[in-house]
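Remarks on the structure that follows.
Just so it is clear, none of the values below were taken in a lab; they were calculated from the coordinates. None of the values given here were measured: they were computed from a predicted structure. All Cβ positions, even for glycine, are placed from backbone atoms using ideal geometry, and neighbour counts span all protein chains on display.
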Amino acid sequence: MEQVKASPRFKRLCNQFSTILGGTEHEITPGPVCFVSRNRRINATILGRRTTSPLIRYQLFSFESLDSSGRALCLGETALFQGQVNQLLTNLRNNGIKVTAVHNHWLFEKPRLMYVHWESIDNPIDFARKVKRSIAFLG
């Protein structure tokens with residue numbers, strides 16, 4: 001793996017960001033970008049076949065472009081059940097986070113899965129806490 005240049009402060013922030021969000025993996029990619037992933041437990045089928053692919057159950061979070069005031073471009077997305085969409089949108093918006101997309105990825109999946117994307121310019125730790133509160137009901 002390529003060695004990415006990131007300040008000790010950025011590395012500490014990335015570790016905290018990942019811990020708050022319960023990341024199963026995190027890395028710093030060129031930019032630098034702090035990239036965190038975790039997978040939800042989702043029982044689903046596509047085309048009648050059981051799937052546990054990370055492609056259907058992921059949650060992804062990142063921050064980058066950290067400025068001198070400690071604010072960064074913060075992004076997130078998650079897979080969720082159709083019936084959970086409205087609650088997540090409300091939670092994110094109540095935390096001052098912009099929802100940027102709601103869409104499906106698959107056809108003929110059961111139950112119906114949706115994917116929500118969001119963004120904010122924020123302190124990464126504050127963003128992580130807001131997102132953690134927003135997605136807590138997803139389990």
How many lysine pairs in the chain, separated by 8 or more positions in sequence or lying on different chains, have Cα atoms less than 22 Å apart? 4
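Among ASP122, ASP67, which comes first, second and so on when ranked by fewest other beta-carbon atoms within 10 Å?
ASP67, ASP122
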Pick from LEU107, LEU73, LEU60: which is most flexible by mean-square fluctuation in a GNM of the chain where alpha carbon atoms under 10 Å apart are linked? LEU107
Expected max-MSF residue from LEU55, LEU113, LEU21 in the GNM of the chain (alpha carbon, under 10 Å) is LEU55
Using θ = phi - 60° and the Karplus curve 6.51 cos²θ - 1.76 cosθ + 1.60, what whole-Hz ³J(HN,Hα) does each residue of the stretch 62-73 get, with Gly and Pro shown as x? 7, 9, 7, 6, 5, 9, 5, 8, x, 9, 9, 6
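Going through the stretch 72-117, which chymotrypsin sites (Phe, Trp or Tyr not before Pro) have at most 11 other Cβ atoms within 10 Å and a DSSP loop state? Present the calculation step by step, with values, prior to reporting the outcome.
Numbers: sites: PHE81, TRP106, PHE108, TYR115; in loops: TRP106, PHE108.
Here the chymotrypsin sites (Phe, Trp or Tyr not before Pro) that fit, given the DSSP loop and packing criteria, are PHE108.
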For helix 8-21, what angle does its Cα long axis make with the longest principal axis of the chain, in degrees from 0 to 90 and rounded to 10? 30 degrees
Nearest 10 degrees is fine. How inclined is helix 85-94 to the longest principal axis of the chain, computing both from alpha carbons? 20 degrees
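For LEU47 and PHE137, calculate 0.36 nm times their separation in residues minus their Cα-Cα distance, and state this gained length in nm to one decimal. The partial results should precede the final answer.
On the way: separation 90, 0.36 × 90 = 32.40 nm, distance 2.79 nm.
Answer, rounded to one decimal: 29.6 nm.
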Taking θ as phi - 60°, what are the ³J(HN,Hα) couplings along the stretch 126-134 by the Karplus curve (6.51, -1.76, 1.60), each to the nearest whole Hz, with x for Gly and Pro? 4, 4, 4, 5, 4, 5, 4, 4, 5
Amide H neighbours of GLU109 at under 5 Å, excluding residues fewer than 5 places away on the same chain, with H built from the backbone geometry, are LEU47
Rg/Rh of the stretch 8-138 (Cα atoms, Kirkwood Rh), to two decimals, equals 0.99
